[in-house]
Every structure is written in C-alpha cells, then in structure tokens.
Amino acid sequence: MLINNTPIDLDQFWRDNDEAWRKPFGPGIRQMPLGMGFGYHTLWAELGLKEEPLKLEQDFAFAQSVGKQYNDLAEKIVGKRLVNEDAFNPAKRFPYVKGIGELFECRRVWQSESWWLMESAHTPEDLSALLDRMDKLDIEAAMFPDNWERECKRLKDQFGLTPGLWKGLRGPVTLATSIYGTENLLYLILDEPKLATRFRDTLLRVILKYFTICDQRSDPAKVGPGFAFLDDNCALCTPEMYAFFGQPILQAVYDRFAPGPDDARYQHSDSDMEHLLPLLAATGMNRVNFGPNVRFKSIRKAMPKAIVEGTVAPFTMMRNEEDNIVREIRRDLDEARDTLGLVVATAGSVNDGTKLSSLRLAMETIWKYGRLA
C-alpha cells in the first residue's frame with residue numbers, strides 16, 4: 001500500500017531511522033523513529049506455519065530455514081533483513097542462568113506456547129517459610145549451572161563470544177504475583193503489611209544481589225548502566241499500594257544500576273496504568289512503553305524528558321487494519337510533533353499475525369507524515 005501514491009526510499013528511511021532511534025529528541029533528526037519489534041515471533045503467520053516457538057530452540061536447521069525465508073520476504077517488502085539466522089545455534093548458546101522467579105522456587109514450565117512461572121507460595125505461612133529459605137540462599141551458587149565457566153571458555157575460544165547478562169526483569173508487582181499469586185499479593189498488601197514489607201524487602205535484596213553478580217560474570221566491555229522492568233501487573237495496584245510495594249524497588253534498583261541522568265530507566269507495562277504515572281515519573285523513569293489507552297500527551301505531561309515507545313494498539317497491527325494503522329500512527333505523530341521523543345511502536349509486543357505489509361505501511365506513514373526535514 002502506498003499512501004496517496006507517495007513512494008518511499010527504503011535505504012534512506014532506514015539510515016534516517018537509525019539516527020532518530022539513537023536520539024529521538026533530536027535535534028536535527030529527519031524523521032520520527034520506528035521501533036516495532038519484528039522477529040522470529042512474527043514469522044509464523046507470514047510464512048503460513050503453525051506457531052511452534054519451542055521448535056526454534058530444539059531444531060536449529062528448522063530455525064535457520066524459516067529465518068532465511070522470513071528475511072528474504074522482509075528484504076523485498078521493507079528493505080531490511082529482520083532476524084539473526086544464527087540466533088538459535090546451539091553451539092553458540094551460553095548455558096541457562098536461572099531467573100529470580102526460579103530462585104524464589106517458582107517452576108518454569110512451557111504452556112500456551114510460552115514459558116510461565118508457577119506460584120511457589122499460596123498462603124501467608126507458605127510465603128513466610130519461603131522468605132526464611134531465601135534468607136539462607138546462596139544466590140550466586142543457585143543462579144549458575146555447573147558448566148558455566150567451562151562453556152564460557154569454549155565459546156570464547158571457539159567463536160570469540162563473551163557473556164553479557166542483560167539487566168532487566170519482570171517488574172516488582174508482576175514478579176511478586178508470579179511467586180505468590182495475583183489476588184494473594186493484593187490482599188497481603190492490604191491485610192498483612194508486616195509480611196508484605198518483608199516480601200518487598202527480600203525481593204529488593206535479591207534483585208540487587210542478582211544483578212550485581214550478573215555484572216561481575218559478564219564481559220566488562222558489555223557492562224554498562226541502565227535497567228529495564230516489565231511490569232504489566234503494576235496496573236492492579238492503587239497509587240497507595242504501588243507507593244508501598246513497587247515504587248521503592250524501582251527507585252533503589254534504578255539508583256544502583258542507572259545512576260546517571262542519561263542512563264536508561266525503562267519500564268514496559270502494556271496495561272491501563274495511567275493512575276501510576278506520577279509515581280513512576282518520580283523514580284526518574286526516562287524510557288517507557290505503556291498500554292494503548294495511556295496516551296502520549298498524558299505521558300509527556302508526567303514525564304517531560306521520557307522517550308515514549310508506543311502507543312499503537314498491538315491488535316490493530318495483528319489484525320492488519322490498514323486504515324487504523326495509519327490513523328493511530330498519525331495520532332501519535334501529531335501528539336509528539338511539538339516535543340519529539342516518540343518512537344513509533346506498539347503498546348506491547350508485536351504479535352504473530354502482524355504482516356510485513358503492515359510494517360511497510362507504518363514506514364510509509366512515517367515517511368509521509370513523520371518526516372521532520
């Protein structure tokens with residue numbers, strides 16, 4: 001689809017996009033940047049395949065084949081290869097490092113085509129006993145498999161690869177609900193503040209220790225400031241509940257791992273959590289991806305210096321609704337035109353079913369309505 005028959009220079013688009021992505025506030029950027037994350041998770045419908053993401057991890061030949069097919073299509077439609085065809089190479093894979101939820105004894109299980117954490121405590125008594133065990137846990141020993149050092153040496157010797165462990169995790173509310181359950185956490189905060197305080201403080205202690213260890217085990221060249229939270233369930237809290245349980249964790253983690261004024265303090269929450277914007281802004285959060293009902297102008301009012309990724313509805317893209325794709329992107333462009341700081345993206349992940357033609361349409365919309373010079 002061409003908007004008003006306006007052609008697009010794909011090479012120029014991506015050159016300008018790279019520059020704008022690095023500095024969405026400008027000055028001097030030529031267009032509003034695009035930041036929609038297409039990859040292996042979006043190739044199934046495009047290629048007419050049954051969605052089997054676990055097969056990518058288990059069958060490298062299959063992963064390479066579908067990755068190449070998708071890249072060949074992407075190169076024709078959007079002018080760029082979008083996936084790393086070597087991403088699932090088992091010979092280049094670092095050993096699995098347990099996540100914080102697993103340290104809190106959550107089982108990690110595959111169901112509904114994704115990995116899920118199963119609750120490890122169901123009653124206040126269960127939670128208290130779990131926290132007792134966490135007080136005694138050797139976090140570093142529990143995180144890493146026995147073959148970590150051996151495999152790191154092999155990967156460096158064979159491929160020149162070094163570990164770089166990402167600093168980001170489920171946000172404090174989502175992580176806590178994964179461990180203790182959604183309703184249970186809310187009732188705990190309301191009815192048993194002493195135990196809720198202990199839970200919050202234990203989470204914070206473990207998070208700070210865990211990511212300090214991650215930095216120590218990473219290649220120093222790959223260790224830098226910044227931290228990312230993914231906290232859909234923060235929307236379940238009232239401002240008072242969030243100020244008690246979630247905000248102190250965010251503040252302490254950001255202050256430790258993103259202390260500078262320009263260090264990335266990121267949060268994704270594809271939910272209706274506008275009521276928490278003042279509390280999130282107070283933490284110094286400066287890069288955000290919120291739910292589609294949380295408008296750019298509301299975020300900008302609360303966070304004048306934040307880069308805003310969004311807020312196109314993921315289902316608009318997944319359903320490939322051409323008129324609505326153009327309408328929603330133009331709305332975001334118009335709201336951001338006076339301040340900049342927008343990355344055109346979905347409010348949440350780009351879902352399977354979203355066609356490359358819809359990505360091309362998003363590009364054309366920016367080319368037509370989001371050019372700045």
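The values are calculated or read from the model by the stated rules, or taken from the named source; none is laboratory data. If you're wondering where the values come from, they're calculated on a predicted model, not measured in any experiment. Glycine gets a Cβ as well: all are built from the backbone with ideal geometry, and neighbour counts include every protein chain shown.
Do we find that Val206 is under 27 Å from Lys136 (Cβ atoms) and in contact with a strand residue (DSSP E or B) (Cβ under 6 Å, 6 or more places away or on another chain) in this structure? Answer is no for this residue.
Looking at region 244-259, is at least one residue outside any helix (DSSP H, G or I), surrounded by fewer than 19 Cβ atoms within 10 Å (Cβ to Cβ), at pLDDT 95 or above and under 21 Å from the mean Cα position of the chain (by Cα)? Working first, answer last.
Of all residues in region 244-259, those outside any helix (DSSP H, G or I) come to 246, 258-259.
Still in the running and surrounded by fewer than 19 Cβ atoms within 10 Å (Cβ to Cβ): 259.
In the following step, the residues that additionally are at pLDDT 95 or above were identified as 259.
Filter once more, keeping what is under 21 Å from the mean Cα position of the chain (by Cα): 259.
Scanning region 244-259 turns up at least one residue that is outside any helix (DSSP H, G or I), surrounded by fewer than 19 Cβ atoms within 10 Å (Cβ to Cβ), at pLDDT 95 or above and under 21 Å from the mean Cα position of the chain (by Cα).
When the residues of region 106-136 are filtered to those that are of a type in the set (S, T, N, Q) and either outside any loop (DSSP other than H, G, I, E, B) or within 24 Å of Ile189 (Cβ to Cβ) (or both), the one that is nearest to the chain's Cα centre (by Cα) is Ser114.
Of everything in region 172-184 that's more than 23 Å from Tyr266 (Cβ to Cβ) and out of contact with any Asp or Glu (no Cβ under 9 Å at 6 or more places or on another chain), which residue is surrounded by the most Cβ atoms within 10 Å (Cβ to Cβ)?
Just the residues of region 172-184 that are more than 23 Å from Tyr266 (Cβ to Cβ), to begin with: 180-184.
From what is left, the residues that are out of contact with any Asp or Glu (no Cβ under 9 Å at 6 or more places or on another chain) are 182-183.
Working: Thr182: 15, Glu183: 10.
Per the criteria, the residue is Thr182.
Exactly one residue among Glu328, Glu321 is more than 16 Å from Asp272 (Cβ to Cβ), of a type outside the set (A, V, I, L, M) and in contact with a strand residue (DSSP E or B) (Cβ under 7 Å, 6 or more places away or on another chain), and that residue is Glu328. Checked across region 336-352, the condition of being farther than 26 Å from Leu280 by Cα, in contact (Cβ under 8 Å) with a residue 40 or more places away in the chain and not in a helix (DSSP H, G or I) holds for at least one residue. Considered as a group, the residues in region 3-25 that are buried (at least 16 other Cβ atoms within 10 Å of the Cβ) and assigned to a loop (DSSP other than H, G, I, E, B) include one that is modelled with the lowest pLDDT, and that residue is Ile8. Here Val83 meets each of (1) farther than 22 Å from Met318 by Cβ; (2) β-branched (Val, Ile, Thr); (3) in a loop (DSSP other than H, G, I, E, B) with one exception, condition (1). Filtering region 302-335 to residues that are part of a loop (DSSP other than H, G, I, E, B), farther than 26 Å from Ala228 by Cα and of a type outside the set (Asp, Glu) leaves Arg319, Asn320.
Evaluation of Phe88 against the conditions (1) surrounded by fewer than 16 Cβ atoms within 10 Å (Cβ to Cβ); (2) closer than 30 Å to Leu359 by Cα shows that the sole unmet condition is (1).
Ser114 passes every criterion in (1) of a type in the set (Gly, Ala, Ser); (2) surrounded by 11 or more Cβ atoms within 10 Å (Cβ to Cβ); (3) under 17 Å from Arg170 (Cβ atoms) apart from (2).
Among Leu56, Leu34, which is the only one that is hydrophobic (A, V, I, L, M, F, W, C), surrounded by 13 or more Cβ atoms within 10 Å (Cβ to Cβ), farther than 30 Å from Lys305 by Cβ and modelled with pLDDT of 95 or more?
Working: Leu34 fails: farther than 30 Å from Lys305 by Cβ.
After ruling out the rest, the residue left standing is Leu56.
Does at least one position in region 25-48 carry a residue that is without any contact (Cβ under 8 Å) to a residue 60 or more places away in the chain and either of a type in the set (Lys, Arg) or touching a Ser or Thr at 6+ places or on another chain (Cβ under 8 Å) (or both)? Among the residues of region 25-48, not one is without any contact (Cβ under 8 Å) to a residue 60 or more places away in the chain and either of a type in the set (Lys, Arg) or touching a Ser or Thr at 6+ places or on another chain (Cβ under 8 Å) (or both), which makes the answer no. Residue count for region 266-301 satisfying the condition of being aliphatic (A, V, I, L, M) and part of a helix (DSSP H, G or I): 7.
Output yes when any residue across region 120-143 is surrounded by fewer than 15 Cβ atoms within 10 Å (Cβ to Cβ), among the basic types (Lys, Arg) and touching an Asp or Glu at 6+ places or on another chain (Cβ under 8 Å), and no when none is. Checking region 120-143: at least one residue is surrounded by fewer than 15 Cβ atoms within 10 Å (Cβ to Cβ), among the basic types (Lys, Arg) and touching an Asp or Glu at 6+ places or on another chain (Cβ under 8 Å). Scanning region 295-328 for residues that are more than 17 Å from the chain's Cα centre (by Cα), among the β-branched types (Val, Ile, Thr) and within 24 Å of Asp263 (Cβ to Cβ) gives a single hit, Ile299. Scanning region 235-243 turns up one or more residues that are farther than 26 Å from Trp21 by Cβ and touching a strand residue (DSSP E or B) at 6+ places or on another chain (Cβ under 7 Å). So which of Gly101, Gly67 ends up being at pLDDT 95 or above, crowded, with 18+ Cβ neighbours inside 10 Å and in contact with a strand residue (DSSP E or B) (Cβ under 8 Å, 6 or more places away or on another chain)? Going through Gly101, Gly67 in turn, just one is at pLDDT 95 or above, crowded, with 18+ Cβ neighbours inside 10 Å and in contact with a strand residue (DSSP E or B) (Cβ under 8 Å, 6 or more places away or on another chain): Gly101.
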